[in-house]
């Protein structure tokens, strides 16, 4: 079994520095939420992890299927409920090439294979 490790060290009550391998990431809140806005919030890091996983996985799936569909961009939105919990994540794809059927198949397979999508308990809704 492979293991990936990261370590978080507090910078303040609403901020931390996270080290993964030799990469350092700052998590912080905006000033209006008591932070110094020195980095993305944890929820934004979750969205970044999902989008980067989806995009890299999409390229692998498309190459394996020898598809002419190319992902030009992928944007994600976190939707919060009244309690402040993430209620839904939407992922919007922008493509070049291919038709709607090919795109839908690649998105479905991408979501099925992406490791971050697989661990999320909220629905990931993809549009394009």
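The values are calculated or read from the model by the stated rules, or taken from the named source; none is laboratory data. Source: prediction; values computed, not measured. A quick note on method: Cβ atoms are made from the backbone with ideal geometry, for glycine too, and the neighbour counts reach across all protein chains shown.
Of the residues in segment 11-27, at least one is under 22 Å from residue 76 (Cβ atoms), out of contact with any strand residue (DSSP E or B) (no Cβ under 6 Å at 6 or more places or on another chain) and either in a helix (DSSP H, G or I) or modelled with pLDDT of 95 or more (or both).
In segment 14-31, the condition of being surrounded by 12 or more Cβ atoms within 10 Å (Cβ to Cβ), without any contact (Cβ under 8 Å) to a residue 40 or more places away in the chain, assigned by TED's automatic domain parsing to the domain that holds residue 91 and more than 17 Å from residue 89 (Cβ to Cβ) is met by no residue.
Taking the criterion of being surrounded by 17 or more Cβ atoms within 10 Å (Cβ to Cβ) and in contact (Cβ under 8 Å) with a residue 24 or more places away in the chain, the residues of segment 32-48 that qualify are 39, 46, 47.
Checked against the criterion of being over 26 Å from residue 3 (Cβ atoms) and modelled with pLDDT under 95, the candidates 76, 34, 98 yield just one match: 98.
So which residues in segment 54-75 are under 19 Å from the mean Cα position of the chain (by Cα) and surrounded by 19 or more Cβ atoms within 10 Å (Cβ to Cβ), if there are any at all? Within segment 54-75, 54, 57, 58, 61, 62, 71, 74 qualify. Looking at 81, 85, just one residue is at pLDDT 95 or above, exposed (fewer than 13 other Cβ atoms within 10 Å of the Cβ) and not assigned by TED's automatic domain parsing to the domain that holds residue 4, and that residue is 81. Which of the following residues is without any contact (Cβ under 8 Å) to a residue 40 or more places away in the chain, under 30 Å from residue 98 (Cα atoms) and not in a loop (DSSP other than H, G, I, E, B): 51, 55? Exactly one of 51, 55 is without any contact (Cβ under 8 Å) to a residue 40 or more places away in the chain, under 30 Å from residue 98 (Cα atoms) and not in a loop (DSSP other than H, G, I, E, B), namely 55.
If only residues of segment 111-127 that are touching a residue at least 12 places away in the same chain (Cβ under 8 Å) and assigned to a loop (DSSP other than H, G, I, E, B) are counted, the one that is surrounded by the fewest Cβ atoms within 10 Å (Cβ to Cβ) is 123.
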